[in-house]
Amino acid sequence: MPPSHSTRVVLAERPTAQVTPSTFRREVVPFDFKAGPGEVVVKVEYVSIDPAMRGWLNDRRSYVEPVKIGEVMRALGLGEVVQAGEGSGLVPGDRVTGTLGWQEYVVLDSKAVRKVDVPRGAEFLDFLGPLSMTGFTAFVGLLDIGQLKAGETLVVSGAAGATGSIVCQIGKQKGAKVYAIAGSPEKCAWLEKELGVDKALNYKSPTFRDDFKKHVGYFDVFFDNVGGEILDFSLSRMKKNARIVFCGAISDYNGKPKGLTGYLNLISQRARIEGFIVFDHADRFPAALQYFGEMLAEGSLKRKFHIVEGVENAPSAMNLLFTGGNTGKLVVKIAKDSKAKL
Ligand SMILES: NC(=O)c1ccc[n+]([C@@H]2O[C@H](COP(=O)([O-])OP(=O)(O)OC[C@H]3O[C@@H](n4cnc5c(N)ncnc54)[C@H](OP(=O)(O)O)[C@@H]3O)[C@@H](O)[C@H]2O)c1
């Protein structure tokens, strides 16, 4: 017997700084398990928690519409088809990915989901990691926007997070010297010992700027996930023709940016800083899938997932991204009986 109700988390009010207990509301609603023609009912197993979600809560112009008040929180997810309507092209038991949202069950047009066949050496959860937007962002950002070449010096901020940890590994695989920036000694040890970066620097250390000057000197490519003070400092450490891949600025998502002071160096060093949105580079996703697929098959790509249990805990999980509570990819497990693992 399918359950008669589904639990979901909706946006209750727009936050002015970080997400608070009143930002979202948990609702238990009657759920009609009926897939119409071309539709599927999906049981949501895991959802991705991304820094970009904080931006989707603001009522301002961006690359996607803001989430509306009362709407289920938007999130990329993984799930299982439990009912498939006529002409949907899917069958119960198929595993799918799509924008499933913070909820236990969802009815969607089957075109809104993509069937997932887990390749050799990979796991279902990799479709929220290297085989998904996280991996695509690292791949497009570092290789297309950053134009990283063998022998160059690469610096990665937010390096122990989902995107950063993959960027570090691509950097090593491509023959760069890789310097990682993260917020704790434990994260730095993981980056050096497990991911094999050349040196990891703790930005919370009082000697961070001196450590950077001593170990990195000047860089060719900076993959920046953080923005703010670290980005401003990096502007004084560029080699000639350096490229700054401006992927994200998590240090400023909850507040008002203060601005950059070191930008004149972009002129003297003939350097470039470029923002990008991964969705604009869909033509490169097949190449990224092939690249990570090969690394997974040969067992050379390390992944770490930070798993929070229960849809009701998704709002507080979001704040982990801003306090550095996660190492690797942050996800929320919604279906208690999900067999997906890593
Ligand atoms: N452009 C695009 O298309 C695109 C696509 C996906 C993601 N992104 C961006 O990529 C970045 C990383 O996303 P992700 O999903 O991989 O998240 P993540 O790195 O797994 O998590 C965020 C990490 O940022 C660090 N952090 C938080 N506040 C900080 C601060 N004030 N200063 C320095 N570090 C701070 C924390 O680690 P510490 O413990 O090290 O502080 C935290 O673990 C985000 O900025 C996101 O918006 C961009």
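Extending each Cα 7 Å along its Cβ direction at residue 192 and residue 173, get the distance between those two points in nm, one decimal.
Reported label-point gap for residue 192 and residue 173 is 2.5 nm.
With springs connecting C-alpha atoms under 10 Å apart, model the chain as a Gaussian network and identify which of 233, 24, 292 has the largest mean-square fluctuation.
The residue that fluctuates most here is 233.
Quick check: pseudo-label points 7 Å beyond the Cα along Cα→Cβ at residue 254 and residue 323, how many nm apart are they?
It works out to 0.9 nm between the two label points.
So for the pair residue 337, residue 267, with labels modelled 7 Å out along Cα→Cβ, what separation do we get in nm?
6.6
Among DSSP bridges having both ends in the chain, what percentage is antiparallel? Round to the nearest 5. All intermediate terms of the calculation are to be shown ahead of the outcome.
Values: 32 of 58 bridges.
Bridges in the chain that DSSP calls antiparallel: roughly 55 percent.
Gaussian network model of the chain, Cα springs within a sub-10 Å range: biggest mean-square fluctuation belongs to which of 118, 42, 332?
118
Could you check which residue among 111, 199, 304 shows the biggest mean-square fluctuation in a GNM of the chain with a 10 Å Cα cutoff?
Of 111, 199, 304, the most mobile in the Gaussian network model is 111.
By how many degrees, between 0 and 90 and to the nearest 10, does the Cα long axis of helix 285-297 differ from the longest principal axis of the chain?
Once rounded, the angle reads 90 degrees.
For residue 236 and residue 17, FRET efficiency with R0 = 30 Å and r from the beta-carbon atoms, rounded to 0.05?
Once the sixth-power term is evaluated, E becomes 0.55.
Every read-out reported here was derived from the displayed coordinates using simple, explicitly stated rules and does not represent laboratory data. The structure presented is a predicted model; accordingly, all values stated were derived computationally and were not measured. All Cβ positions, glycine included, derive from the backbone under ideal geometry; neighbour counts span all protein chains shown.
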